[in-house]
Every structure is written in C-alpha cells, then in structure tokens.
1. Tally Lys and Arg at +1 and Asp and Glu at -1 over the other residues with C-beta under 12 Å from the C-beta of Cys109: what net charge comes out?
2. For the pairs Lys127/Lys164; Lys100/Lys164; Lys32/Lys101; Lys32/Lys163; Lys53/Lys119; Lys47/Lys100, flag any whose C-alpha to C-alpha distance is greater than 18 Å.
3. For every other residue with a beta carbon closer than 13 angstrom to the beta carbon of Arg43, add +1 if it is Lys or Arg and -1 if Asp or Glu, then tell me the sum.
Amino acid sequence: MVSVNSGSSPDTKIGHEIDYYIRNLRGEVVRKSVQHMLEDILRDYPKLPGYIKQREDELKYPTPEQDDNVGGGRALNKLSDPVGREVITINDDRWLQQLKKERQAIDECLDESGVVTEKIIQETYFKGNVGLRMVDLCDRQIIPVSTTKAYELRNSFLVELAKKLNVDVM
C-alpha cells in the first residue's frame, strides 16, 4: 500500500487508503485496480451471450486458411494432414471458458444478493446510465437506500464476484 503523509492528521492517511482500496460490509478489502477490472466485466455482462455465441460459431465453423500460392504450382512445404492439425474444440478454448465462467459467476452473485443490491448492479453497470453516479441514483430514489449503504452493498457484491472468479483481491 502506498501511504502519503501530508503531515496534517491521521485522517489523511485513512482517506488516502480509500483511494487504493474498497471495503465491504465484513471489512474485506479489494484493490482499486481489481475493482475496475470487475466493473469492466460487469459492464460487458449484457453482451456476454453474444460474445459466447460468436466464439462458439468461430470454433464450429472455422474460416479456411488463405491460399498464399498466388503464382500457381504446388506448395512444397505445405503438409496436407488434417488429422495432425490441432483443432481447438469448444471444451478446450480458454477464452470461451473464461466468458462462460464470468457469466456463471455474475449469475450466482446476482442470485445470492438481495433485491436492492441487484438493483444497484443493474442500474450502475447493466443499463449504462451514463453520467449518473451512485449519489445521483440514490438522490433520484432509483436506488431506495442511502448513498453510503449503496456503496457498501456494491462493494460487497464486488468482493463476492472476485472470490467466485478466483481473483486475488489483495
């Protein structure tokens, strides 16, 4: 942890820690960089089914290799061994498995969270309320809790999501 002591009071150190870490209701801490990564995953959640479908289609129907032999004749160094080539299957594709893992982890966290937490996550990440901060959502009564409580619920959700994705939070 980076600590900057401005010499005024211990409160500045505590305030500075908040810049680098978020804390959930049970006191568990997550680095800001991990928070940003999880928030990016949450923003992509509505698009995940499309990404998964696109990747499955790419694996099921691969595009054929381009023929580099423009001038005619035979390619001397090209082996025609389709069995010998390694084909990535749907079960072996790491990117596809990661997309499915992210979708499952978010689904589980949403199922385990309360109605208010689910509303916070939907309004903040899924609906794309551009320009609306948590304070704005609470002030307009879109989220029916105080701003402090909304941040605590959001942070708890992010910590649980990090655990389900096996992300090192510290």
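1. -3
2. Lys127/Lys164; Lys32/Lys101; Lys53/Lys119
3. Neighbourhood net charge equals -3.
No lab work stands behind these numbers, since they all come straight from the coordinates. All values derive from a computational prediction rather than experimental measurement. Here Cβ is always computed from backbone atoms with ideal geometry, including for glycine, and neighbour counts include all displayed protein chains.
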